[in-house]
Amino acid sequence: MRSSSLSGVLVAVLLSACGSDAPPPAPPPPEVGVVTLGTHTVSDVRNLPGRTSAYVIAEVRPQVTGIIKKRLFEEGSEVKAGQPLYQLDDAIYRAEVASRKAALERARATRDAAKLTADRTTELAKIDAVSTQEAENAVAALEQAIADVAAAEAALAQAEVNLSYARITSPISGRAGKTSFTQGALVTANQDMPLTTVQQLDPIYVDLQQSSSELLRLRKDFGGADLNQSAPVRIQLEDGTTYEHTGELKFADVSVDPQTGSFGLRAVVPNPDRLLLPGMYVRAVLERGQRDDAVLAPQRAITRDARGNGVALVVTADNKIEQRTVRTARTIGDQWLIDDGLQAGERVVVEGIQKVQPGMTVTPVEPSAARTAEAKPATR
């Protein structure tokens, strides 16, 4: 009896030892939060950075040498084309005009006398009262006197132009900047430093820069290879507000800058209130209708690889993780507008990205459920 009891104990011990060597059950597939992508209707826009520049810029320089006698405008004020800005001391130029007028009168008197002599000599030559040589000399003297009058008239015109240049006027209408020279300063003709600068600010240019990688896309979106067409442009200011006046895209550069890899666009924007000033940083929004089949993905579903490419994890129909390279266009709220790489109806991982890898089997759940599962403490 005692022997059978020991045998039973031995069998129980052996069975217990065999049971301890059995492998533990496999863990369940990890849960990940997924979002199913759908189609949306969004505005088809391009958002480009740029800076404003004056529509017309005129650097005012003296065309004659002289001392500034008076400044005739207020710095920062609006001036009209032809409005006097500076008055130089013009005493020398007025004296030159008077001298040229006297020279012209003398030339005219000489011409009149030469004409009388030529007429009289020509008549005398007809009756052989004078030689042919004398008649020809008289006619030549008349022609020279006529040329002297023309030269004197040109010299007087030049002196009058120089006198007018002593009163320096604005070449365009616009806003005058600060003056670089004060009353009493000596300025020279065609000097390097301008006296002041006049800028036309209504309308105003917005110069845009875009990478060459976007060139083909812009050409496709804006009607072909030629971007030199009128397209509406909305302006966003530095503080994020939208400028009330709508501009037009007017110009696209014909080449790409090899140093920066970018090409230039230019828009013309009304600026009646002078709110936009040259050098301001703005963003231009180019809108070309709507996209009815746009695919939007949450921003947290898109990560970046070492090369900067967009990457998303997609849960396939058999609940396996597949990695996709994604091309994004722009952000809309908290979502990316997808250009390529994702389709409507696919499920992208938005939570638990760090704990899964491509090829793994997962359990897709709603994002809130996945967050709850991660936050739930482990039971002991």
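No value in this document is a laboratory result; all are computed from the given coordinates. What you see is a predicted model, and the numbers here were worked out from it, not measured in a lab. Because the Cβ atoms are built from the backbone with ideal geometry, glycine has one as well, and the counts that use them run over all protein chains shown.
Each of Phe251 and Thr65 was given a label point 7 Å from its Cα along the Cα-to-Cβ line. The distance between the two points is 3.7 nm.
Only Cα pairs under 8 Å and at least 6 apart count here; give the relative contact order of segment 90-165 as a rounded whole percent. Mind showing how you got there, number by number?
Details: 56 pairs, mean separation 38.6, N = 76.
Over segment 90-165, the number comes to 51 percent.
Given the convex hull of the Cα atoms of segment 90-165, what is a quarter of its surface area in nm²? Intermediate values should be presented prior to the final figure.
On the way: hull surface 18.8 nm².
Mean projected area of the Cα convex hull: 4.7 nm².
Given their separation in residues at 0.36 nm each and the Cα-Cα distance between them, Arg304 and Asn319 gain 3.1 nm when the chain is fully extended.
Treating cross-link reach as a plain straight distance, find the aspartates and glutamates whose alpha-carbon is under 14 Å from the alpha-carbon of Lys178, omitting any fewer than eight places away in the same chain. Within the straight-line cut-off, Lys178 pairs with Glu59, Glu74, Glu75, Glu78. Residues whose amide H falls under 5 Å from that of Val326, counting only those 5 or more places apart or on a different chain, are Gly310, Val311, Ala312, with hydrogens built in the peptide plane. Remark: spin-label model distance Ile92-Thr188 equals 1.2 nm, labels positioned 7 Å along the Cα→Cβ axis.
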